[in-house]
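Readers should treat all values here as calculations from the given coordinates under stated rules, not as data from a laboratory. Here the structure is a predicted model, which is why all the values come from computation and not from measurement. We place every Cβ from the backbone using ideal geometry, glycine too, and count neighbours over all the protein chains shown.
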């Protein structure tokens with residue numbers, strides 16, 4: 001699959017749910033020791049600010065929470081249960097929010113991803129937010145990096161158009177909003193959780 005141009009910063013200056021849905025089919029690229037690791041985004045979740053009970057900004061004013069109000073198009077990397085999670089800040093002007101990248105379909109640098117994850121099963125390589133960060137060596141060093149600059153170690157690029165998109169409520173949250181904010185490619189074998 002051919003990777004297209006890097007998505008511009010203003011792609012992320014919209015409602016997080018719209019960005020989350022539109023990121024499906026785009027390509028997450030990570031340059032690691034001169035090797036390109038890439039995967040098609042097949043699953044995302046949208047998060048908002050202090051009004052969203054599942055958001056890092058809910059009842060918090062720490063660095064991660066404040067990032068959700070900051071510049072769009074920046075990587076937001078934080079740890080949960082010993083795993084790094086990769087998000088991109090996305091919101092309307094004067095708003096807040098971000099998109100969690102939950103799963104990828106690996107397309108480039110697969111052998112290195114397998115070594116990093118210490119597994120051989122392609123379907124289990126990047127089918128979860130902690131798995132994809134391990135497979136692409138995404139960690140706190142990439143926190144706050146812009147994903148829209150050619151010089152960045154991590155970018156999101158044009159990919160393919162996804163038509164068959166499904167929605168559900170977010171995975172593993174204690175309290176959720178009353179609208180489904182998880183988006184995924186319906187027939188993908190690479191999503192983290194199937195209906």
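Just a few scattered comments:
- Label assignment, P(r) over Cα pairs in 10 Å bins from 0, in percent derived from the structure, set (1) 10, 40, 39, 11, 0; (2) 9, 35, 31, 17, 6, 1; (3) 9, 37, 38, 14, 1: (1)
- Counted over all Cα-Cα pairs of region 83-139, pairs farther apart than 14 Å make up 53 percent.
- Spin-label pair residue 10/residue 175, simplified geometry with 7 Å Cα→Cβ offset, distance in nm: 3.7
- 43, 105 arranged by Cβ crowding within 10 Å, fewest neighbours leading: 105, 43
- Modelled label reach - residue 139, point 7 Å along Cα→Cβ, region 109-126 residues with backbone N closer than 14 Å: 116-117
- Approximate spin-label separation residue 124-residue 151, in nm, with each point projected 7 Å along Cα-to-Cβ: 4.1
- Fewest-first sequence of 12, 69 by Cβ atoms within 10 Å of each Cβ: 69, 12
- A full extension of the chain between residue 167 and residue 114 corresponds to an added length of 16.2 nm, given 0.36 nm per residue minus the alpha carbon distance.
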